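The values are calculated or read from the model by the stated rules, or taken from the named source; none is laboratory data. For clarity, every value in this text was computed on a predicted model and none was experimentally measured. Reconstructed Cβ throughout: ideal geometry from the backbone, glycine too, with neighbour counts over all protein chains shown.
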Amino acid sequence: MSADTVKGAIIRREEFAFSAFDWGRVAEPVGPAMGAQKVKLNVVEVAPNAVWRQGWSFEEENVVVVFAGSGHGDIGSARTELRRTSALYSPTGRTLELTAGEQGLTAYVWRSKLIGGEPAGASPKTTGALTDSETQLRGFSGIGEAPVEGDGAIMNFVFWPGTGSSRLCLHCGVQQPGQTFNVHIHPESEEAFIAFEGIGQLYMHDQWNDVRPGDVLYAPPGIPHGARNPHTGPGAEPFTTCGGPTPFDPALYHAAGVSPDVK
């Protein structure tokens with residue numbers, strides 16, 4: 001399928017095409033090859049005690065989520081210990097480094113170039129975790145693409161305009177058993193998010209698709225997508241997703257009752 005005909009996709013983790021380097025390996029499940037113009041999503045696997053480095057960029061910002069392993073991350077001169085669920089936001093004009101511990105480190109890295117004119121956060125939040133729950137969207141009903149199904153899931157806003165992000169955002173959807181983050185579209189944004197934990201389903205191409213941790217969803221502007229946890233009963237566990245639309249979609253923040261303005 002050529003890049004200009006891609007209308008969204010679910011990319012399975014076992015399908016990722018990795019390139020090897022002396023520090024580890026990297027794959028790009030979302031990028032120009034998928035037709036994405038506004039966001040790239042890299043999967044970075046850093047070998048034990050090795051270092052992955054993203055150099056200075058005055059045009060690009062990055063968001064990192066640790067999927068497995070541990071180590072530390074450096075944004076400019078600021079160092080943060082990392083473990084599974086840790087998150088970093090690297091604004092433009094700063095270096096980004098990930099150093100793996102004894103067991104190595106796997107991170108998903110969202111990247112986007114500024115197009116000019118985006119406001120810069122005065123003092124952006126650069127460290128967080130998927131469990132950050134200070135600002136949330138609850139009971140999202142979508143915007144009419146499909147009937148609301150079951151109880152609405154909760155979405156944590158980890159990095160967003162309210163924390164000083166210029167273009168990228170990081171949201172964490174927590175679908176408890178039987179809950180859905182309803183099907184919706186972003187008119188101007190490309191969505192790239194991952195199944196992070198638990199077994200659930202993602203909506204793409206007019207149907208719900210079973211996914212496992214590490215799988216990726218890519219939705220171009222105007223393509224319906226969503227997430228749900230269809231499992232109920234004894235032993236059912238939460239299904240967690242993370243990612244977000246690029247550039248961020250103000251409609252989500254209006255739905256949560258917070259300002260979409262960059263602080």
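Test residue 99 against the criterion of being modelled with pLDDT under 95 and touching a strand residue (DSSP E or B) at 6+ places or on another chain (Cβ under 6 Å), and give yes or no.
Spelling it out, it is not the case that residue 99 is modelled with pLDDT under 95 and touching a strand residue (DSSP E or B) at 6+ places or on another chain (Cβ under 6 Å).
Identify, by number, the condition in (1) assigned by TED's automatic domain parsing to the domain that holds residue 243; (2) within 15 Å of the chain's Cα centre (by Cα) that residue 61 doesn't meet.
Result: residue 61 passes all but (1).
List the pairs whose first member sits in segment 197-216 and is at positive phi, whose second member is surrounded by fewer than 20 Cβ atoms within 10 Å (Cβ to Cβ) and of a type in the set (A, V, I, L, M), and whose Cβ atoms are under 8 Å apart, counting only residues at least 6 apart or on separate chains?
The qualifying pairs do not exist here.
Restricting attention to segment 127-155, and to residues there that are within 25 Å of residue 263 (Cα to Cα) and outside any loop (DSSP other than H, G, I, E, B), which single residue is modelled with the lowest pLDDT?
Among those residues, the one meeting the criterion is 138.
Between 230, 234, 213, which is assigned to a loop (DSSP other than H, G, I, E, B) and closer than 25 Å to residue 17 by Cα?
One residue alone meets the criteria, 213.
Would you mind stating whether residue 111 is outside any strand (DSSP E or B), buried (at least 18 other Cβ atoms within 10 Å of the Cβ) and out of contact with any helix residue (DSSP H, G or I) (no Cβ under 6 Å at 6 or more places or on another chain)?
no
Any residue in segment 130-142 that is of a type in the set (Ser, Thr, Tyr) sitting within a Cβ distance under 6 Å of a residue that is exposed (fewer than 15 other Cβ atoms within 10 Å of the Cβ) and modelled with pLDDT under 95? List the pairs, counting only those 6 or more apart or interchain.
141/148
Within 23 Å of residue 246 (Cβ to Cβ), more than 17 Å from the chain's Cα centre (by Cα) and outside the structural domain of residue 171 (by TED's automatic domain parsing) - does that describe any residue in segment 33-42?
yes
So, of the residues in segment 156-206 that are of a type in the set (A, V, I, L, M) and assigned to a loop (DSSP other than H, G, I, E, B), which turns out to be surrounded by the fewest Cβ atoms within 10 Å (Cβ to Cβ)?
Ranking the qualifying residues of segment 156-206, first place goes to 199.
Please work out which one of (1) within 21 Å of residue 195 (Cα to Cα); (2) among the charged types (D, E, K, R); (3) touching a residue at least 60 places away in the same chain (Cβ under 8 Å) is the condition residue 61 fails and give its number.
Result: residue 61 fails condition (1) only.
If you check 234, 238, which single one turns out to be modelled with pLDDT of 95 or more and assigned by TED's automatic domain parsing to the domain that holds residue 156?
Step by step, each of 234, 238 is checked, and only 238 is modelled with pLDDT of 95 or more and assigned by TED's automatic domain parsing to the domain that holds residue 156.
Looking only at segment 48-79, how many residues end up being closer than 22 Å to residue 161 by Cβ and of a type in the set (Val, Ile, Thr)?
4
Looking at (1) more than 18 Å from residue 16 (Cα to Cα); (2) in contact with a Cys (Cβ under 7 Å, 6 or more places away or on another chain), which one does residue 96 not meet, given that it meets all the others?
(2)
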